[in-house]
1. Which one is surrounded by the most Cβ atoms within 10 Å (Cβ to Cβ) among residues in region 25-57 that are in a loop (DSSP other than H, G, I, E, B) and out of contact with any strand residue (DSSP E or B) (no Cβ under 7 Å at 6 or more places or on another chain)?
2. Can you name the condition, by its number, that residue 229 falls short on among (1) more than 25 Å from residue 145 (Cβ to Cβ); (2) crowded, with 23+ Cβ neighbours inside 10 Å; (3) more than 14 Å from the chain's Cα centre (by Cα)?
3. Closer than 24 Å to residue 210 by Cα and out of contact with any helix residue (DSSP H, G or I) (no Cβ under 6 Å at 6 or more places or on another chain), is that true of residue 123?
4. Could you pull out the residue among 117, 82, 130 that is in the same structural domain as residue 148 (by TED's automatic domain parsing), at pLDDT 90 or above, over 22 Å from the mean Cα position of the chain (by Cα) and crowded, with 19+ Cβ neighbours inside 10 Å?
5. Quick one: which of 253, 203, 192 is assigned to a helix (DSSP H, G or I) and either in contact with a helix residue (DSSP H, G or I) (Cβ under 9 Å, 6 or more places away or on another chain) or modelled with pLDDT under 95 (or both)?
6. Would you mind finding the one in 215, 140, 145 that is over 21 Å from residue 96 (Cα atoms) and without any contact (Cβ under 8 Å) to a residue 24 or more places away in the chain?
7. Just give me the residues in region 1-23 being more than 23 Å from residue 183 (Cα to Cα), modelled with pLDDT of 80 or more and surrounded by fewer than 18 Cβ atoms within 10 Å (Cβ to Cβ), in sequence order.
8. Is there a residue in region 144-159 that is crowded, with 19+ Cβ neighbours inside 10 Å, in a helix (DSSP H, G or I) and in contact with a helix residue (DSSP H, G or I) (Cβ under 7 Å, 6 or more places away or on another chain)?
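The values are calculated or read from the model by the stated rules, or taken from the named source; none is laboratory data. No experiment lies behind these values; they were computed from the predicted model shown. Every residue, glycine as well, gets a Cβ built from its backbone with ideal geometry; the counts of neighbours run over all protein chains shown.
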């Protein structure tokens, strides 16, 4: 592999996951640990990574996240595949909560226009898409608008979720790890997500593989509060295996063949 391409791939891996060890990178890229050390030294000089003992970390703050409309094109086909799989978890006439995010936006697009549902949401982006679904009754929480995310946050949004009992929550997250659970870069959004989880009988998380092992600034909830994780991460991924050990059902989605394999304990 070309060294410049490899360094770019390492930088992207650090951006996606926040950190990586020298041993892990050497195994991933099939090269020596000495070569990886040189790559990390150059990335640090270029301002694309920060060296730490045994590896490197991203220079990007855990609280940073691009605006929702700028993220919509990233992993687009994967998100569409996750969305198609998530629609199969819906039943007509259910009352559900749909969290804000680019993956849940794709999920709403995939909902059949003639499926009768009642949907609660704190996302204006989700509301806009639901308006194209004539059989869906949409209920919007109150709150203050987070302009970059088009999400409603604050006491009004929290209070709305305290007073309802829904069949399911379809949720997106910035990061998932065994130790930190579900994480998000914004504290106000994290409060709303947690309140929504408490209002739902079943919690379904849609997360592409780049979210696995990524840790954002704020802890939202421990992983055992998730009932179903829909992801394109491999079943052999160590974090995915550990998540299953905590009793979480995992639905593996392959975007290219559009095949789905379901696994649980």
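1. 48
2. Exception for residue 229: condition (3).
3. So residue 123 fits the description; yes.
4. Details: 82 fails: over 22 Å from the mean Cα position of the chain (by Cα); 130 fails: over 22 Å from the mean Cα position of the chain (by Cα).
Result of the check over 117, 82, 130: 117.
5. Exactly one residue qualifies, and that residue is 192.
6. Criteria check complete, one pass: 145.
7. Of everything in region 1-23, those that are more than 23 Å from residue 183 (Cα to Cα), modelled with pLDDT of 80 or more and surrounded by fewer than 18 Cβ atoms within 10 Å (Cβ to Cβ) turn out to be 3, 4, 5, 8, 9, 23.
8. Going residue by residue through region 144-159, those that are crowded, with 19+ Cβ neighbours inside 10 Å are 146, 149-153, 157-158.
If we keep only those that are in a helix (DSSP H, G or I) too, we end up with 157-158.
This time we only want the ones that are in contact with a helix residue (DSSP H, G or I) (Cβ under 7 Å, 6 or more places away or on another chain), so: 157-158.
Checked against the condition, which is being crowded, with 19+ Cβ neighbours inside 10 Å, in a helix (DSSP H, G or I) and in contact with a helix residue (DSSP H, G or I) (Cβ under 7 Å, 6 or more places away or on another chain), region 144-159 yields at least one hit.
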